[in-house]
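Q: Submitted below is the structure of interest, expressed as structure tokens.
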Amino acid sequence: MSDIETAILCIRQIPAASLPYDEWLLVGMALHAAGASCEVWEQWSMSDSRYKPGDCSQRWKGFGKSAEQEVGVGTCLLYTS
């Protein structure tokens, strides 16, 4: 199974509304690192009442530009447990 497939399977088990902002952002970073599209993160995020159109795409543009915090598909796995 690819990282993209694993990440998508994981987020289907994680209610976006259950995560605080920083963890929601980490899920977005993990999806980006796995090679998923921003639309995957956007669709998942829409189930949360805090969702703001355009917020995902704005943040997505900044992912992968800093080596300070490496995030991968394991982050998604962490939140499923």
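Taken together, the values in this text are just the output of simple stated rules run on the coordinates, not laboratory data. Quantities reported herein were computed from a predicted structural model and do not represent experimental measurements. Virtual Cβ from ideal backbone geometry, glycine too; neighbours counted across all protein chains shown.
Q: Hey, rough spin-label estimate for E23 and E70, points 7 angstrom out along Cα→Cβ, what's it come to in nanometres?
A: 2.4
Q: What length, rounded to one decimal in nm, is gained on full extension from R50 through to I4, with 0.36 nm per residue of separation minus their alpha-carbon distance?
A: Taking R50 through I4 to full extension adds about 14.1 nm, to one decimal.
Q: Along the principal axes of its C-alpha atoms, what lengths does the chain span, in descending order and rounded to whole Å?
A: Projected onto the principal axes, the Cα atoms of the chain cover 29, 27, 20 Å.
Q: Quick one: dipole size for the chain, taken about the Cα centre, charges +1 on Lys/Arg Cβ and -1 on Asp/Glu Cβ, in debye to the nearest 20.
A: Here the chain has a charge dipole of around 180 debye.
Q: Can you tell me which of 5-14, 18-27, 50-59 comes out highest on packing, and rank the rest after it, using the mean Cβ neighbours within 10 Å?
A: 5-14, 18-27, 50-59
Q: Something else now. List, in order, the whole-Hz ³J(HN,Hα) value for each residue of region 42-55 obtained from phi through the Karplus relation with A = 6.51, B = -1.76, C = 1.60 and θ = phi - 60°; use x for Gly and Pro.
A: 4, 4, 5, 5, 4, 6, 9, 5, 7, 4, 10, x, x, 5
Q: Apply the Karplus curve 6.51 cos²θ - 1.76 cosθ + 1.60, θ = phi - 60°, to the phi angles in region 20-31 and return the couplings in whole Hz, x for Gly and Pro.
A: Values per residue, Gly and Pro as x: x, 3, 5, 6, 4, 5, 5, 4, x, 5, 5, 5 Hz.
Q: Expressed in nm to one decimal, what extension gain is obtained for the pair S57 and S37 from 0.36 nm per residue of sequence separation less their Cα-Cα distance? All intermediate terms of the calculation are to be shown ahead of the outcome.
A: Working: separation 20, 0.36 × 20 = 7.20 nm, distance 0.99 nm.
Result: 6.2 nm gained on full extension.
Q: List the Cys residues of the chain that have no partner Cys with a C-beta closer than 4.7 Å.
A: Cysteines of the chain left without a disulfide-compatible partner: C38, C56.
Q: Expressed as a rounded percentage, what relative contact order does the chain have, with Cα pairs under 8 Å and six or more residues apart? Please report the intermediate quantities before stating the final value.
A: Details: 79 pairs, mean separation 36.7, N = 81.
Across the chain, relative contact order equals 45 percent.
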